[in-house]
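Single-structure report; data block below.
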Protein chains: 4
Amino acid sequence: MGGFAAQDPGFAERVRASFVRQRFMATLGARLVRVEPGLCELECDQRADLTQQHGYLHAGAGASLADSAGGYAAYSLMPAGSSVLSVEFKVNLLEPARGQRFLARGRVLRSGRRLYVCELELEAHDDGRMRRCLYGVQTLMCLEGQPDDPSRG
Amino acid sequence: MGGFAAQDPGFAERVRASFVRQRFMATLGARLVRVEPGLCELECDQRADLTQQHGYLHAGAGASLADSAGGYAAYSLMPAGSSVLSVEFKVNLLEPARGQRFLARGRVLRSGRRLYVCELELEAHDDGRMRRCLYGVQTLMCLEGQPDDPSRG
Amino acid sequence: MGGFAAQDPGFAERVRASFVRQRFMATLGARLVRVEPGLCELECDQRADLTQQHGYLHAGAGASLADSAGGYAAYSLMPAGSSVLSVEFKVNLLEPARGQRFLARGRVLRSGRRLYVCELELEAHDDGRMRRCLYGVQTLMCLEGQPDDPSRG
Amino acid sequence: MGGFAAQDPGFAERVRASFVRQRFMATLGARLVRVEPGLCELECDQRADLTQQHGYLHAGAGASLADSAGGYAAYSLMPAGSSVLSVEFKVNLLEPARGQRFLARGRVLRSGRRLYVCELELEAHDDGRMRRCLYGVQTLMCLEGQPDDPSRG
């Protein structure tokens, strides 16, 4: 993380408020478990309705979690009154996503004025055993003067 | 598509059976609307529980649909008794995914013995207007002799 | 491609002038063979000093050509007085790059105010036979008011 | 690196022999400066004939170095008598590649029987200052029983 500092002291609250508005995260049963300047972690539990054909977490569900984790890692460093947009992401599926609980982590690698780059990972946790099952890189854009929640200015 | 031929005449049934086992696709409300040798299309409707913070389809939901579409495009060309695995994918989010209905298309660009490459796209359809909102590339692996549904051999 | 129109009537000259300043292109023996709004093609010949360990074109040499082709496809659509920057690119190596001549093509998929997305391909030509050996996607940024050749304003 | 162990005690010599056969590396002036199980570093100097239009290292030259570094990081873990192939790579260009010397590092993230995943980075070094200018992820394949140098069996 290289010691990023948040320019908005209210970054954590801003991230949490945006996370709640991502209704797809509720559909996945995702919880926001950690937010620090340049870092965000989300987790969800294994559930049958999130699986692919072999009973493991669908790669798209894992990528969704990772995309949001990276988005909020970047958003934590953006100014108040801005919003965040994923430009692109790439994920490698290192292992089948087999576990009881999945932890997605986004970490800022590069913080610019407009463009941010994050690394993404997804860990599968199972009875105290952890395996990294997804690794990726994501590019994001900061939209200044476009508040994430337009209804609140 | 370049005139791919399926080596398994039962490819369409095999794809449909696997799609049904992807329970995450049901969670997204996805329907398999087209499968041809080297091509697959899935669609889903706009639903509030699939959205990101601005009310558009979450990039992860779109990527999930695209990942499965590409997976089944490749799987249509694989031999009977095999299964398919996404190795990695990369998606660019060209536009906000705003529409009433979303169509994901996977198309095989390269068909090898083990590795396949697909292009992925997601179209947003809205009152007869269509916009491509996601474009990507995916690498997949064929696991021969590992049937997709182990219970049926 | 997709009916892109150049906003700068001098786009082709501007692209050619920038290409000449890319001295690495001369190192690769690259020639600019086609530039249209949203499209650019570069080619180079097979040369022993561009090879990897098996005697084929090094993936990095092919990716370099493709990166520049995509950059100039996007740059053709940018305003006069701007410059272009690659944000990221991803390439799949579909086949060994075996041939006498290689043609890289960049084509704009999405043209925004700041961000552009291109598809990239590299064809290997050999005695009238053509094989696509690389396929990729690239994100670029337009830097307005930052002329490509600072010495000419 | 996670403590990878090489299965071939002659891995370093095998990597060095293959690097010498990559004639494009000589064209870039690249030197192999470090090889350990799962890790490889290559470096080159700033040279005018490697630049893009603004006088910095061309992204393709940096990506070429990174691609080879990742390839040899993976190759160090492969068995004797095998060869390595890049399946795909994705690079983000974090900063302009401005410096006197460039160091590319490839590090294995995932080592499988056939598929390997590496992270790639390129550092620009300038009067004792270092900036990471490229970050990426790469997928590679091990071809067993296909020696890298066919002439030596």
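Observations on the structure shown:
- Taking amide H as placed 1.01 Å from N in the peptide plane, A:CYS133 has its amide H under 5 Å from the amide H of A:LEU122, A:GLU123, A:ALA124, each at least 5 places away in sequence or on another chain.
- C versus D: buried accessible surface, summed, Å² (probe 1.4 Å, to nearest 100): 2800
- Considering only alpha-carbon pairs that sit under 8 angstrom and 6 or more positions apart, the relative contact order computed for chain A is 24 percent.
- Note, ³J(HN,Hα) from phi for segment C:59-74, Karplus 6.51, -1.76, 1.60, rounded to Hz, x at Gly and Pro: 3, x, 5, x, 5, 5, 4, 5, 4, 5, 4, x, x, 7, 4, 5
- Rg to Rh, two decimals, where segment D:64-153 supplies the alpha carbon set and Rh follows Kirkwood: 1.07
- Column: log10 I(q)/I(0), Debye, Cα scatterers of the protein assembly as shown, q = 0.05 Å⁻¹: -0.20
- B from A by rotation - nearest chain A beta carbon to the axis, in Å: A:LYS90, 2
- Kirkwood hydrodynamic radius of segment A:1-42, Cα pairs, Å: 11.1
- A crude spin-label estimate for the pair D:GLN7 and A:ALA80, with each label 7 Å from Cα along the Cβ direction, gives 5.8 nm.
- Approximating the spin labels as points 7 Å out from Cα along Cα→Cβ, the B:ASP49-to-C:ARG114 distance works out to 3.6 nm.
- Protein accessible area in the protein assembly as shown, 1.4 Å probe - carbon and sulfur %: 48
- Under Karplus coefficients 6.51, -1.76 and 1.60, residue-wise ³J(HN,Hα) of segment A:6-16 in Hz, glycine/proline x: 7, 7, 10, x, x, 4, 5, 5, 4, 5, 4
- At 7 Å out from Cα toward Cβ: B:ARG16 inter-copy label distances (nm, ascending): 5.0, 5.8, 6.2
- Diffusion constant of segment D:1-142 at 37 °C, which comes from Stokes-Einstein with the Kirkwood Cα-pair radius and 0.692 mPa s, µm²/s: 221
The values are calculated or read from the model by the stated rules, or taken from the named source; none is laboratory data. The model shown is predicted, which means the values in this text are computed figures rather than measured ones. Don't worry about glycine lacking a Cβ; one is built from the backbone with ideal geometry, like all the others, and counts go over all protein chains shown. SASA here: full protein model, heavy atoms, side chains in, ligands and nucleic acids out. Shrake-Rupley method; radii C 1.70, N 1.55, O 1.52, S 1.80 Å.
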